[in-house]
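Okay, so here's the structure we're looking at.
The values are calculated or read from the model by the stated rules, or taken from the named source; none is laboratory data. Worth saying up front: this structure is predicted, and the values here are computed from it rather than measured. FYI the Cβ positions are ideal-geometry reconstructions off the backbone, even for glycines, and counts take in every protein chain you see. These accessible areas exclude ligands, DNA and RNA; they are computed on the full protein's heavy atoms, side chains included. Shrake-Rupley method; radii C 1.70, N 1.55, O 1.52, S 1.80 Å.
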Amino acid sequence: MNERANIPVLTIDGPSGSGKGTISKRLAERLGWNYLESGALYRALGIAAINKKLDLSNAKKLTELVDGVDLEFKRNQQGRWVTYLDGEEIQRQLQTEKIGNVASKIAVFPDVRRSLLAKQLTFRQSPGLVADGRDMGSVVFPSADYKVYLTASTEERAKRRYKQLIEKGISANLRDVIQDVEKRDQRDKNRSTSPLMVPEGAVYIDSSCKTIDEVVQQVLDTLKTNRPNNGTNGGLRQ
Ligand code: C5P
């Protein structure tokens, strides 16, 4: 049996702007578990492809690129996660709408997804993993101990994205952000490989009218009431 199979996993899937990044990071801290931001892998690959001036519709070249990129996620002195591509910090560039869109374009290719799958599985390390993305509970960790699908209305998600961008000093226009969110939803939900969906067995949470703390607490309560049926305590602290 795979030695990682006993390490508990909590998957948090949902569309862009659902708050899954913030919520997943908080949950990882509260549980003392590792964290996988799978969107950052797709985004970083997008940046690497742009740097190498690759044609973003060339699935073969993009797939070859996966093995050639040196990606690292490290915490900085303030405890924030920072992404490095080939030794260079790319955090700011990673968070732009442009790169989010590039990521969702290259994420449609089955071979690209397959190559990134192996990288994602390596994040399953003791004492546990919180994995955030679009296909965490459906494809990457289908037998995860706990699954959550987090969403919010399109308008609410666009407003959150807009606020985040402005706070980071990145210029944005709300109408454009709403359009981007809608376009990205369409692409993520309608692609043939690993489309965004509510994974089987996932707890569905609409965060439109909830604070971050309320959602975090709701997920923690869910973990306590849905412990895996395998005789363990599911990796939770007592
Ligand atoms: O979550 P984030 O906005 O960073 O993801 C960027 C894009 O990467 C998504 O719109 C989606 O197309 C793609 N993605 C994916 N599967 C994941 C995570 C992200 O297809 N597990």
What number of residues within the range 196-224 satisfy the criterion of being among the acidic types (Asp, Glu) and open to solvent by 80 Å² or more (accessible area, probe 1.4 Å)? 3
Just a yes or no: is a residue in the range 107-115 surrounded by 14 or more Cβ atoms within 10 Å (Cβ to Cβ) and acidic (Asp, Glu)? yes
For the range 178-191, indicate whether the set of residues that are away from the ligand (no atom under 16 Å from the Cβ) and open to solvent by 80 Å² or more (accessible area, probe 1.4 Å) is non-empty. no
Exactly one condition in (1) open to solvent by less than 50 Å² (accessible area, probe 1.4 Å); (2) under 25 Å from LYS74 (Cα atoms); (3) modelled with pLDDT under 95 is false for ALA144; which is it? (3)
I'd like the residue in the range 114-133 that is out of contact with any Phe, Trp or Tyr (no Cβ under 9 Å at 6 or more places or on another chain) and within 12 Å of the ligand (Cβ to nearest atom) and, out of all such residues, is nearest to ASN58 (Cα to Cα). LEU117
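Could you identify the single residue in VAL198, VAL181, VAL216 that is modelled with pLDDT of 95 or more and either under 18 Å from THR96 (Cα atoms) or in a loop (DSSP other than H, G, I, E, B) (or both)? Let's see the steps before the verdict.
Numbers: VAL181 fails: modelled with pLDDT of 95 or more; VAL216 fails: either under 18 Å from THR96 (Cα atoms) or in a loop (DSSP other than H, G, I, E, B) (or both).
Of VAL198, VAL181, VAL216, the one residue that is modelled with pLDDT of 95 or more and either under 18 Å from THR96 (Cα atoms) or in a loop (DSSP other than H, G, I, E, B) (or both) is VAL198.
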Of the numbered conditions (1) within 16 Å of the ligand (Cβ to nearest atom); (2) in contact with a strand residue (DSSP E or B) (Cβ under 7 Å, 6 or more places away or on another chain), ASP111 satisfies every one except a single condition; which is it? (2)
Take the range 22-38 and flag every residue that is surrounded by 21 or more Cβ atoms within 10 Å (Cβ to Cβ) and part of a helix (DSSP H, G or I). ILE23, SER24, LEU27, ALA28, LEU31, SER38
Matching residues in the range 60-91 - criterion: being within 14 Å of the ligand (Cβ to nearest atom) and more than 16 Å from the chain's Cα centre (by Cα): LEU62, VAL66, ILE90
In the range 152-164, is there at least one residue being part of a loop (DSSP other than H, G, I, E, B) and of a type in the set (Ser, Thr, Tyr)? yes
The correct count of residues that are among the polar types (S, T, N, Q) and in contact with a Phe, Trp or Tyr (Cβ under 6 Å, 6 or more places away or on another chain) in the range 37-89 is 1
